[in-house]
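The structure appears right after this line, and notes come after that.
Derivation of every value follows stated rules applied to the coordinates shown; laboratory data play no part. None of these values were measured; they are calculated from a predicted model. FYI the Cβ positions are ideal-geometry reconstructions off the backbone, even for glycines, and counts take in every protein chain you see.
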Amino acid sequence: MHKLVKKEQLSNKELQKLLQARENKEIDFTLIDVREPFEYEMQHIVKTDELLPTSTFNNWVHDLLKRKDENIILYCRSGNRSYQVQQILEQHGMKVGNLELGILDYTGKTAKGKFIS
């Protein structure tokens, strides 16, 4: 299970396993949605920890780069935007996972509503 959190491209099922393991306190990671707030409101993965829209990337990227030791998994609609963010973070020495096909392929628990931090 711990190997999954270090994997660069995660499948739908792998992320579901990781979320279950996190709920069981077997592993720790941060799940970040990089879509826009209106997309999050329409549908998001339950237990998403942060909403960091790519449209405001320059506002939050430097803070995220300070979290190099943290296990982070990104997702977006189709895996495209989160992959681009992943590549930039990896160029700065971070190991970050990406939900390969995004929320479009995700079959785990989702919800609607505004992000509440």
Collect the residues in region 67-117 that are within 18 Å of residue 48 (Cβ to Cβ) and of a type in the set (Val, Ile, Thr), keeping them in residue-number order.
72, 73, 85, 96, 103, 107, 110, 116
Looking at (1) exposed (fewer than 13 other Cβ atoms within 10 Å of the Cβ); (2) touching a residue at least 60 places away in the same chain (Cβ under 8 Å), find the lone condition where residue 26 falls short.
(2)
